[in-house]
Amino acid sequence: MSSAWLLPEHIADVLPHEARRIEELRRIMLDAARGYGYELVVPPLLEHLESLLSGTGRELDLKTFKLVDQLSGRTLGVRADTTAQVARIDAHLLNRQGLTRLCYCGPVLHTLPSGLHGTREPLQLGAELYGHAGLEADLEVQELLVDCLSRAGLKGLVIDLADARLLRGVLAGTSLTPDAHEALQQALADKDRAAVETLSAALPAATARALLLLCDLYGGAEVLERARAALPAHPLVTAALDDLQWLSLHIAQAYPEVRVGFDLADLPGYAYYSGVRFAVYGPGSIDALARGGRYDDVGAAFGRRREAVGFSLDLKAVVEHVTFDGRRSAISAPWGEDPGLRSAVRRLREQGESVVCVLPGHEHEFQEFDCDRELVAVQGQWVVQSR
């Protein structure tokens with residue numbers, strides 16, 4: 001029999017030291033999004049399953065916890081990703097014409113962890129721009145993401161670009177089952193040439209060769225020229241390579257300190273992506289800190305197709321790469337019943353200061369606050385002095 005205090009696997013409490021760092025990171029990133037004009041929304045944790053999974057594909061379905069609503073008897077889902085929810089808000093609740101910029105931050109729940117040490121309860125933060133089909137929207141979202149990570153103190157960032165249209169162009173005129181298509185995407189992302197060969201064995205020889213070539217199309221700017229020479233001259237392929245070149249040049253110009261690369265086979269993830277995709281890595285990191293891209297068809301499931309581009313990240317994962325402690329400076333104050341003391345404490349708190357009252361017998365317990373000042377009595381007045 002397990003102990004009552006043990007949590008499920010890959011679920012963990014967030015203790016004060018980590019929680020304050022996560023909260024600092026959340027505030028930095030949401031403030032950055034607000035600076036770009038993004039409005040905060042808070043979708044519900046639960047939705048009817050058919051709404052929650054609309055237009056998202058099989059992978060998200062497998063990640064989603066399901067339960068029965070005791071009020072209606074209908075099947076509910078606990079969100080595993082927030083993108084479809086924000087698309088629903090844009091399509092039905094806001095229903096604006098033209099541009100809409102939205103951001104969000106909240107927990108999601110996965111049936112399985114993404115890796116050996118991954119959590120099943122990421123704290124997902126993201127931003128989404130609706131209503132513009134041009135590359136200006138893709139660039140804005142990528143710049144916002146780089147700004148968010150840079151303001152958090154991350155350096156040596158690498159952004160890898162890809163495009164969902166490449167695979168569609170290569171496979172044009174062929175037919176694959178959804179399961180085979182998903183397996184092929186994963187094999188390409190893993191650079192598993194043997195699996196790609198097996199999955200493409202029944203396809204035309206030219207298509208099979210192009211799929212194997214995708215496995216090798218990663219690196220710097222030279223990748224685009226290699227792709228133009230090696231991949232089929234399909235309109236989707238040409239448009240994707242042109243857009244990737246435009247974006248890479250603009251990102252390099254705006255952020256010369258960020259290394260821009262390409263991984264044209266990096267196509268795993270949710271099926272709703274329709275165009276340019278990107279992943280951002282920290283120095284030496286194997287897993288992406290954040291992912292995003294264009295998903296123009298997500299809103300179609302809600303009866304209103306809208307051009308859309310965005311990104312998301314897990315604050316719990318990103319916080320492992322930041323160096324700030326999140327500890328705030330504070331004022332220590334003695335506990336007492338003196339009206340002047342109590343009034344001084346209230347006044348300081350109203351001014352936005354953190355005032356930690358020292359209860360009797362706990363004079364040295366300030367683990368979560370850097371008490372660099374103290375409230376002391378000087379000639380009958382309570383004043384703040386440096387410690």
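Numerical summary
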quantity: Members of segment 160-184 that are buried (at least 21 other Cβ atoms within 10 Å of the Cβ) and in contact with a Gly (Cβ under 7 Å, 6 or more places away or on another chain); calculated: 163, 164, 165
quantity: Strands (runs of 3 or more DSSP E) contained in segment 64-156 and holding at least 3 residues over 26 Å from residue 22 (Cβ atoms); calculated: 65-68
quantity: Verdict on residue 42 being closer than 20 Å to residue 310 by Cα, open to solvent by 80 Å² or more (accessible area, probe 1.4 Å) and among the β-branched types (Val, Ile, Thr); calculated: yes
quantity: Unmet criterion (only one of (1) of a type in the set (S, T, N, Q); (2) under 30 Å from residue 81 (Cα atoms); (3) touching a strand residue (DSSP E or B) at 6+ places or on another chain (Cβ under 8 Å)) for residue 354; calculated: (2)
quantity: Candidates 288, 265, 233, filtered to the one that is assigned to a loop (DSSP other than H, G, I, E, B) and buried (at least 22 other Cβ atoms within 10 Å of the Cβ); calculated: 265
quantity: Residue tally, condition within 16 Å of residue 51 (Cβ to Cβ), touching a Phe, Trp or Tyr at 6+ places or on another chain (Cβ under 7 Å) and either crowded, with 19+ Cβ neighbours inside 10 Å or without any contact (Cβ under 8 Å) to a residue 60 or more places away in the chain (or both), over segment 84-132; calculated: 5
quantity: Unmet criterion (only one of (1) open to solvent by less than 30 Å² (accessible area, probe 1.4 Å); (2) in a helix (DSSP H, G or I); (3) farther than 22 Å from residue 17 by Cβ; (4) in contact with a helix residue (DSSP H, G or I) (Cβ under 9 Å, 6 or more places away or on another chain)) for residue 278; calculated: (2)
quantity: Some residue of segment 304-320 being in a loop (DSSP other than H, G, I, E, B) and either open to solvent by 80 Å² or more (accessible area, probe 1.4 Å) or not assigned by the TED database to the domain that holds residue 105 (or both); calculated: yes
quantity: Residue check for residue 125: modelled with pLDDT of 95 or more, among the hydrophobic types (A, V, I, L, M, F, W, C) and more than 13 Å from the chain's Cα centre (by Cα); calculated: no
quantity: Selected residue (criterion: most open to solvent (accessible area, probe 1.4 Å)) from residues of segment 133-142 that are charged (D, E, K, R) and under 16 Å from the mean Cα position of the chain (by Cα); calculated: 140
quantity: Filter pass, residue 299 being modelled with pLDDT under 95 and open to solvent by less than 30 Å² (accessible area, probe 1.4 Å); calculated: yes
quantity: Verdict on residue 226 being without any contact (Cβ under 8 Å) to a residue 12 or more places away in the chain and in contact with a Gly (Cβ under 9 Å, 6 or more places away or on another chain); calculated: yes
quantity: Matching option when the condition is farther than 30 Å from residue 196 by Cα and touching a residue at least 40 places away in the same chain (Cβ under 8 Å), among 374, 337, 353; calculated: 374
quantity: Restricting segment 3-20 to residues that are more than 19 Å from the chain's Cα centre (by Cα) and among the acidic types (Asp, Glu), the residue that is most open to solvent (accessible area, probe 1.4 Å); calculated: 9
quantity: Hits in segment 52-71 (condition: free of Cβ contacts under 8 Å to residues at least 60 places away in the same chain and either crowded, with 18+ Cβ neighbours inside 10 Å or farther than 17 Å from residue 124 by Cα (or both)); calculated: 52, 53, 61, 62, 63, 64, 66, 67, 68, 69, 70, 71
quantity: Subset tally (residues that are modelled with pLDDT of 95 or more and crowded, with 19+ Cβ neighbours inside 10 Å) for segment 321-347; calculated: 2
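The values are calculated or read from the model by the stated rules, or taken from the named source; none is laboratory data. As the structure is a computational prediction, the values presented were derived from the model and not from experiment. Positions of Cβ are backbone-derived with ideal geometry, glycine not excepted, and every protein chain shown enters the neighbour counts. Just the protein is used for accessible areas: all its heavy atoms, side chains included, with ligands, DNA and RNA removed. Shrake-Rupley method; radii C 1.70, N 1.55, O 1.52, S 1.80 Å.
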